[in-house]
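The values are calculated or read from the model by the stated rules, or taken from the named source; none is laboratory data. As the structure is a prediction and not an experimental result, all values here were calculated from the model. Cβ placement follows ideal geometry from the backbone for every residue including glycine, while neighbour counts extend to all protein chains displayed. In case anyone asks, the SASA skips ligands and DNA or RNA and just uses the protein heavy atoms, side chains included. Shrake-Rupley method; radii C 1.70, N 1.55, O 1.52, S 1.80 Å.
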Amino acid sequence: MRAVVCRSFGALEALRVEECPPLEPGPGQVLVQVHAAGVNFTDLLAVEGRSQLKRQLPMIPGAEAAGIVLAVGAGVSRHRPGERVLGCSTHGTFAEQALFAEEELACLPDDMDMRTAAVFYIAAMTARYALQDRARLASGEILLVLGAGGGAGLAAVQVGKALGARVIAAASSREKCTLALAQGADEVVRYAAGPLNLEAQKALTTELLAHAPRPKEKAQSIGTISSVPASAGYHVILDGVGGTYTEPALRALGWEGRYLSIGFAAGMARIALGPALFRNADILCIQPSADEHRLPGRNPHAMQTLFDWHRQGKLTPRITQTLPLEQAAQALKLLRTRAASGRIVLTILRAQGRE
Ligand SMILES: NC(=O)c1ccc[n+]([C@@H]2O[C@H](COP(=O)([O-])OP(=O)(O)OC[C@H]3O[C@@H](n4cnc5c(N)ncnc54)[C@H](OP(=O)(O)O)[C@@H]3O)[C@@H](O)[C@H]2O)c1
């Protein structure tokens, strides 16, 4: 089987499509003929050797895909050969074949094409888990999404709307802001493609606060102390950008706001905790895949919610580019240079008659 192989960390140009030995599913694993693979920021981190998951070399990049089940390993009960599936895997999906743990696969709805399915799992699963399970985003609350024109960002915009929030999308280019509006954002904030100096950070906080007119809530009174007015600012902020964007965004959080950190595309966030303390804020860090190992069985249930939203037209990944497997390096370069907006899909096999 052909696969993109990474033999040294760092240089995207060194990625090559090579002939590799065919795969055999082990116990609990499912072997899938990959039709399309989604490109995620985590793939870039893996190839650059910056991933917390520390993959061994040589390795096949790629963390999600859609295709057809070829074979199942011992003990697999949820899947059968011939099924159309999508899923997330740490074994490498930029390949003609990939192995998945059975709990990280789901059967596609009949009306979902392979390219959509290839980019449906990671972003939507992360956004739903962050906003619904962790931040408990409620209908009518105000959500800010940083990096809203990227894969996880656009999914968060749509999940936020599906949960009934008012969504403010922030991104660095006009194109990304336009995409976020098209995916349902109520308003957009265009920020500079930093790193941001102190002055630019202060200006960003002011700009973000201007989009978060928060109703005059009263914080609950305790004992004889009369209730105090809640501060202006967002109820929930979802941040996959990090770097110099996190602290100015944190300063735009409202009273008892929830700050969700899902990643650091612009570099590790280093923040002062003062702004969080004075807002009684929750800072929540999100890694749903780690939770799946502790709470097996949760992902299949969550996927049904995501499929329902897809059926209702509330959650549809916005694919902006489709490239052949051979151009995996170019796809990752678009993410590295911040030039990607929406989703990039690699096609491996043309899905017979279903695309
Ligand atoms: N915790 C999890 O389980 C999980 C799951 C999925 C994704 N993530 C994280 O979520 C973030 C988004 O992932 P994604 O797959 O959606 O990636 P993506 O489509 O490439 O989006 C990343 C966004 O980050 C922004 N960005 C800011 N500075 C950047 C820089 N120096 N280089 C590249 N992008 C930069 C860009 O938006 P602007 O130009 O508008 O700022 C870009 O659209 C990443 O941090 C990723 O690691 C985490």
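Please work out if Gly147 is within 12 Å of the chain's Cα centre (by Cα) and at positive phi.
For Gly147, the condition - within 12 Å of the chain's Cα centre (by Cα) and at positive phi - is met.
Residues to consider are Gly223, Gly233; find the one that is open to solvent by less than 20 Å² (accessible area, probe 1.4 Å) and either modelled with pLDDT under 95 or within 25 Å of Gln52 (Cβ to Cβ) (or both). So that I can check it myself, show each step before the final result.
Values: Gly223 fails: open to solvent by less than 20 Å² (accessible area, probe 1.4 Å).
On inspection, the qualifying residue turns out to be Gly233.
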* Close pairs from segment 325-344: first within 13 Å of Glu175 (Cβ to Cβ), partner among the charged types (D, E, K, R) and crowded, with 21+ Cβ neighbours inside 10 Å, Cβ under 7 Å, at least 6 apart -> Ser341/Lys176
* Asked: Of the conditions (1) over 25 Å from Pro288 (Cβ atoms); (2) part of a loop (DSSP other than H, G, I, E, B); (3) at pLDDT 95 or above, Gly164 fails just one. Which one is it?
  -> (1)
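Can you tell which of Ala36, Ala117 is touching a strand residue (DSSP E or B) at 6+ places or on another chain (Cβ under 7 Å) and either within 17 Å of Gln327 (Cα to Cα) or in a strand (DSSP E or B) (or both)? First the steps, then the outcome.
Working: Ala117 fails: either within 17 Å of Gln327 (Cα to Cα) or in a strand (DSSP E or B) (or both).
Checking each option against the conditions leaves just Ala36.
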* Structure fact -> For segment 45-61, pairs from a residue that is among the hydroxyl-bearing types (Ser, Thr, Tyr) to a residue that is surrounded by 13 or more Cβ atoms within 10 Å (Cβ to Cβ), with Cβ under 7 Å and 6 or more apart or across chains, are Ser51/Thr42; Ser51/Leu45
* Asked: Restricted to segment 67-89, and to residues that are under 21 Å from His301 (Cβ atoms) and in contact (Cβ under 8 Å) with a residue 60 or more places away in the chain, which residue is most open to solvent (accessible area, probe 1.4 Å)?
  -> Arg78
* So is Gly194 open to solvent by less than 40 Å² (accessible area, probe 1.4 Å), small (Gly, Ala, Ser) and within 11 Å of the ligand (Cβ to nearest atom) or not? -> yes
* Which listed residue is out of contact with any helix residue (DSSP H, G or I) (no Cβ under 7 Å at 6 or more places or on another chain) and either among the hydrophobic types (A, V, I, L, M, F, W, C) or modelled with pLDDT of 95 or more (or both), from Arg258, Arg294 -> Arg258
* Asked: Inside segment 251-282, can you point out the residues that are without any contact (Cβ under 8 Å) to a residue 60 or more places away in the chain, surrounded by 15 or more Cβ atoms within 10 Å (Cβ to Cβ) and within 16 Å of the ligand (Cβ to nearest atom)?
  -> Tyr259, Ser261, Phe264, Ala269, Ile271
* Could we say that Gly149 is within 13 Å of the ligand (Cβ to nearest atom), part of a loop (DSSP other than H, G, I, E, B) and at pLDDT below 95 here? -> no
* Asked: Can you find a residue in segment 34-43 that is exposed (fewer than 15 other Cβ atoms within 10 Å of the Cβ) and among the polar types (S, T, N, Q)?
  -> no
* Asked: In segment 109-134, which residue that is within 16 Å of the ligand (Cβ to nearest atom) and more than 24 Å from Cys177 (Cα to Cα) is most open to solvent (accessible area, probe 1.4 Å)?
  -> Arg134
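Being under 20 Å from the mean Cα position of the chain (by Cα), closer than 20 Å to Pro300 by Cα and not in a loop (DSSP other than H, G, I, E, B), is that true of even one residue in segment 20-30?
From segment 20-30, those under 20 Å from the mean Cα position of the chain (by Cα) are none; that's our starting set.
No, that holds for no residue.
It is to be established whether one or more residues within segment 319-336 are assigned to a loop (DSSP other than H, G, I, E, B), surrounded by 15 or more Cβ atoms within 10 Å (Cβ to Cβ) and of a type outside the set (Gly, Ala, Ser).
Taking segment 319-336 and keeping what is assigned to a loop (DSSP other than H, G, I, E, B), we get none.
Looking for residues that are assigned to a loop (DSSP other than H, G, I, E, B), surrounded by 15 or more Cβ atoms within 10 Å (Cβ to Cβ) and of a type outside the set (Gly, Ala, Ser), one finds none in segment 319-336, hence no.
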* Asked: Can we say Leu99 is in a strand (DSSP E or B), among the hydrophobic types (A, V, I, L, M, F, W, C) and closer than 18 Å to Leu325 by Cβ?
  -> yes
